[in-house]
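Worksheet: one structure, shown below.
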Amino acid sequence: MKKVDETRIDDLLSQLTLEEKISMIHGEGIFQTAAVERLGIPALKMSDGPMGVRKEFALDQWINVSSTDDQVSYLPSNSALASTWSREQAYKTGKVLGAEARGRGKDVILAPGINIKRSPICGRNFEYMSEDPRLIEELVAPLIKGIQENDVAACVKHFAANNQETDRLAVDTYLDKRSLREIYFPGFKAAIDKGGSYTIMGAYNRLFGEHSSQSEYLLTSILRDEWGYDGAVISDWGGVHDTREAGQSGLDIEMSVDGDFDNYYMADPLLEAVRSSKIKEEYIDKKIRNILRTMLRLNMLGDDRRDRATGTYNSPEHQRAILECAEESIILLKNQDNRLPIQKDKIKTLAVIGQNAERVHASGGGSAEIKALYEISPLLGLKMQLGGEVEVKYAKGYYVPTKIEKELNWQQDSLKLLQEAVLLAKETDEVIIIAGLDHEYDCEGKDREDMKLPYGQDRLIKEVLAVNPNAVVVIVAGSPVEMGAWSDDAKAIVWSYYAGMEGGRALAKVLLGQVNPSGKLAETFPKKLMDSPAHSIGEFGKYGKVTYKEGVYVGYRYFDSYNVEPEFPFGHGLSYTSFEYSNLEIELDESSVEDDVNVRVRATIRNTGALAGAEVVQVYVASKEASIPRPIHELKGFDKLYLEPNEEKIVEICLHKDSFGFYDEDGCSFLVEPGEYEIQVGSSSRDIRLTGNIKLNKKYRYQ
Ligand code: BGC
């Protein structure tokens, strides 16, 4: 974490009155705190969110006050970014987000969202990265560094165990401490320790009965005392419920959703509590220190301002970076008989079927909404890439009813659209179905009811495949959907998350072979909802209390350990070329570093196909002699290699003690047991190509 001159904090703190201090620790606008002009302390200006800088709101109301000057770059969602499995893309995406935020005059960008994808139907999954803590750890750090290089604070959210939208302001989460430490905390810890996140956002949900945004356990015991966090903690908007608890916890800034700022819990009520000695002023001083430290880190105070990065938004460089990230995020799930890519010069007519072909998604989803400068839809992308020689015919294929129409009989219109689409599919050289979800489903504030494709799309896909078995199926969505009704019949299935303003162009380039796909699933795609551990073992989507009974068996940790066949496994993603894995070498060194182990895993990866491409090589560790039940294997390292045809490279991934431990509740620390461990190197969690064993002789502990 960036060091600052603490004497400057002492100096300012000594000059602040209690009233001024209180004004700095709560919203004085929907998205900012108050300035103390007398001392040159500016307001702290914040904005959502993970996919770009949100539109401009009035100071005290949720009213958009700008017309066109707050249009911005719309970045790939965190789910798309995670599918790249690329630290470099994470860093570049961060740089774009930070520059845009600074360009719009913001100090804090309320991103990234990294909550664990515990269930496939959590409404905000599209904003989050993965079901796997190690993948999150590895991507969140460069993403945050990229953001903060622009003198803008990242605000990693929502701490912690915030994994459902149902009853989101009150739901009380219960889980064992081991799962918290192994699954739900590591991303946040890495955001702080490795990414150096200047701020962090509390969550709406309760954990063990305490509201997360004012939780003594989360914010004081874990974040401050154990992890030594000295950045600023911001509540989720309306996440504070009690003056005393918030005032005495590790929370620094209370934000909320209404304009009655003086009555926020950490405004007049807290002032009163301090004045009447119910709460000690030293609690307030701690908060002020964290806020001033954050401002110093951002070059916001005094002469530092001359050095502050200025940022910019909507630059062509940003658009290029966004395209590159989108290209790497697209996942080729199935490609039987090398159905893809489509040979552009061999076709005269192309049918594009399905409303997600023409839909744009930027402006939906809740707080992640973006007023995009532009957004290229898949249909536009295809037409732009194909040019004038291919006749592209579009059929909606299904009807998306408006809210009012939902009540009426819209099915009849839908049937007509389906028939038109099927007819079109019969008479064109190539057919691409572009189906999926939209932000009616992938949405803050509500979870999906099931994993099914809405609007009768399963039927559409089946009927189109029946008349044209070569039809390519593309799903654009923010979270997994059931595919069993047609996945065996489709030869090619392509997946795109909401991939930003260049998403349609990126998708077209993949479909037409101008880009070789290299995205990999950062989450398991179950066959059906009840296969998912949050539903088959645990509780999800309830009001009141929710218990994560599945414990550490989240995502592939469950599917692979319990032999439940997914539709597509974690880490899966095909390429138009092929890769051969060979020569596994594992070197174990337990003596040259004190209290740690060095395990060097090396393998040779060769591109055996005719096209240049990229492979994400994944390393999983399986504990063979654990004294407690552990997942059958866990991702502990990965690297993305770019290879020309016939080229081979040696990938080297180093593992340390934190790749072997489990959280030992009795010892209150992670424990590495001596014994045998299998090292697996593969292309997905279920496509392990090489294995080897090591034996650790020592026992290690770590936090
Ligand atoms: C969301 C946060 C968001 C905040 C401000 C809340 O409803 O949970 O993610 O940053 O609003 O818009």
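The values are calculated or read from the model by the stated rules, or taken from the named source; none is laboratory data. Computed from a prediction, not measured in an experiment: that's the story for all the values here. Cβ: placed from backbone, ideal geometry, glycine included. Neighbour counts: every protein chain shown.
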Pair list, Cβ under 8 Å, 6 or more apart: segment 17-41 residue under 19 Å from residue 58 (Cα atoms), other residue part of a helix (DSSP H, G or I) and within 16 Å of the ligand (Cβ to nearest atom): 26/261; 27/261; 28/261; 29/261
Condition met for residue 693 (over 25 Å from the mean Cα position of the chain (by Cα), in a strand (DSSP E or B) and over 30 Å from residue 526 (Cβ atoms)): yes
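Per-residue answers, yes or no, for (1) of a type in the set (Gly, Ala, Ser); (2) within 16 Å of the ligand (Cβ to nearest atom); (3) farther than 25 Å from residue 363 by Cα:
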position	(1), (2), (3)
398	no, no, no
411	no, no, yes
436	yes, no, no
444	no, yes, no
461	no, no, yes
Tally, over segment 174-199, of residues that are more than 13 Å from the ligand (Cβ to nearest atom) and either buried (at least 24 other Cβ atoms within 10 Å of the Cβ) or of a type in the set (A, V, I, L, M, F, W, C) (or both): 13
Members of segment 101-142 that are part of a helix (DSSP H, G or I), within 16 Å of the ligand (Cβ to nearest atom) and either out of contact with any Lys or Arg (no Cβ under 6 Å at 6 or more places or on another chain) or among the aromatic types (Phe, Trp, Tyr) (or both): 101, 126, 127, 140
Criterion violated by residue 163 - all others in (1) part of a loop (DSSP other than H, G, I, E, B); (2) crowded, with 19+ Cβ neighbours inside 10 Å; (3) more than 16 Å from the ligand (Cβ to nearest atom) satisfied: (3)
Some residue of segment 429-444 being surrounded by fewer than 23 Cβ atoms within 10 Å (Cβ to Cβ) and modelled with pLDDT under 95: yes
Residues of segment 654-683 classified as more than 18 Å from residue 222 (Cβ to Cβ) and touching a Lys or Arg at 6+ places or on another chain (Cβ under 7 Å), total: 15
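Can you list the helices (runs of 4 or more DSSP H) found entirely within segment 460-561 that contain at least 1 residues being within 26 Å of residue 171 (Cα to Cα)?
Numbers: elements: 503-511, 533-536, 556-561.
So the answer is 533-536, 556-561.
Answer yes if at least one residue in segment 89-98 is away from the ligand (no atom under 13 Å from the Cβ), in contact (Cβ under 8 Å) with a residue 12 or more places away in the chain and in a loop (DSSP other than H, G, I, E, B), and no otherwise. Spell out how you get there, then give the answer.
Of the residues in segment 89-98, the ones away from the ligand (no atom under 13 Å from the Cβ) are 89-98.
Still in the list and also in contact (Cβ under 8 Å) with a residue 12 or more places away in the chain: 89-98.
Next cut, in a loop (DSSP other than H, G, I, E, B) only: none.
Within segment 89-98, not a single residue is away from the ligand (no atom under 13 Å from the Cβ), in contact (Cβ under 8 Å) with a residue 12 or more places away in the chain and in a loop (DSSP other than H, G, I, E, B).
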Selection count where residues are within 15 Å of the ligand (Cβ to nearest atom), crowded, with 17+ Cβ neighbours inside 10 Å and part of a loop (DSSP other than H, G, I, E, B), scope segment 222-250: 5
Segment 77-88 - residue that is within 13 Å of the chain's Cα centre (by Cα) and part of a helix (DSSP H, G or I) and, of those, farthest from residue 684 (Cα to Cα): 78
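Determine which member of the set 362, 421, 425 is small (Gly, Ala, Ser) and part of a loop (DSSP other than H, G, I, E, B).
Numbers: 421 fails: part of a loop (DSSP other than H, G, I, E, B); 425 fails: part of a loop (DSSP other than H, G, I, E, B).
362 is the lone residue from the list that is small (Gly, Ala, Ser) and part of a loop (DSSP other than H, G, I, E, B).
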Residue in segment 2-25 that is surrounded by 14 or more Cβ atoms within 10 Å (Cβ to Cβ), assigned to a loop (DSSP other than H, G, I, E, B) and not aliphatic (A, V, I, L, M) present: no
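Look at residue 50 and say whether it is in contact with an Asp or Glu (Cβ under 7 Å, 6 or more places away or on another chain) and either outside any helix (DSSP H, G or I) or within 30 Å of residue 518 (Cβ to Cβ) (or both).
Details: in contact with an Asp or Glu (Cβ under 7 Å, 6 or more places away or on another chain): yes; either outside any helix (DSSP H, G or I) or within 30 Å of residue 518 (Cβ to Cβ) (or both): yes.
Judged against the criteria, residue 50 is a match.
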Condition met for residue 299 (farther than 20 Å from residue 37 by Cβ and either assigned to a loop (DSSP other than H, G, I, E, B) or touching a Pro at 6+ places or on another chain (Cβ under 6 Å) (or both)): no
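Taking the criterion of being within 16 Å of the ligand (Cβ to nearest atom), assigned to a helix (DSSP H, G or I) and under 22 Å from the mean Cα position of the chain (by Cα), would at least one residue in segment 202-213 satisfy it? Walk me through it before giving the result.
Start the filter on segment 202-213 by keeping residues that are within 16 Å of the ligand (Cβ to nearest atom), which leaves 202-207, 211-213.
Now narrow it down to the ones that are assigned to a helix (DSSP H, G or I): 212-213.
With under 22 Å from the mean Cα position of the chain (by Cα) added as a condition, the list becomes 212-213.
Yes, the conditions are met somewhere in segment 202-213.
One line per residue, one yes/no per condition, for (1) modelled with pLDDT under 95; (2) under 24 Å from residue 181 (Cα atoms); (3) crowded, with 16+ Cβ neighbours inside 10 Å:
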residue: 627; (1), (2), (3): no, yes, no
residue: 633; (1), (2), (3): no, yes, yes
residue: 640; (1), (2), (3): no, no, yes
residue: 649; (1), (2), (3): no, no, yes
residue: 652; (1), (2), (3): no, no, no
residue: 655; (1), (2), (3): no, yes, yes
residue: 662; (1), (2), (3): no, yes, yes
Unmet criterion (only one of (1) among the small types (Gly, Ala, Ser); (2) surrounded by fewer than 18 Cβ atoms within 10 Å (Cβ to Cβ); (3) within 21 Å of residue 20 (Cβ to Cβ); (4) within 16 Å of the ligand (Cβ to nearest atom)) for residue 277: (4)
Strands (runs of 3 or more DSSP E) fully within segment 623-690 counting 3 or more residues that are out of contact with any Leu (no Cβ under 9 Å at 6 or more places or on another chain): 634-643, 648-655, 669-672
Some residue of segment 595-607 being touching a strand residue (DSSP E or B) at 6+ places or on another chain (Cβ under 6 Å) and not in a strand (DSSP E or B): no
Residue 352, sole failed condition from (1) under 30 Å from residue 523 (Cα atoms); (2) modelled with pLDDT under 95; (3) buried (at least 19 other Cβ atoms within 10 Å of the Cβ): (2)
Check on residue 582, of a type in the set (Ser, Thr, Tyr), in a strand (DSSP E or B) and more than 25 Å from the chain's Cα centre (by Cα): yes
Candidate set: segment 527-549, residues that are of a type outside the set (Phe, Trp, Tyr) and closer than 24 Å to residue 137 by Cβ; chosen: the one surrounded by the fewest Cβ atoms within 10 Å (Cβ to Cβ): 538
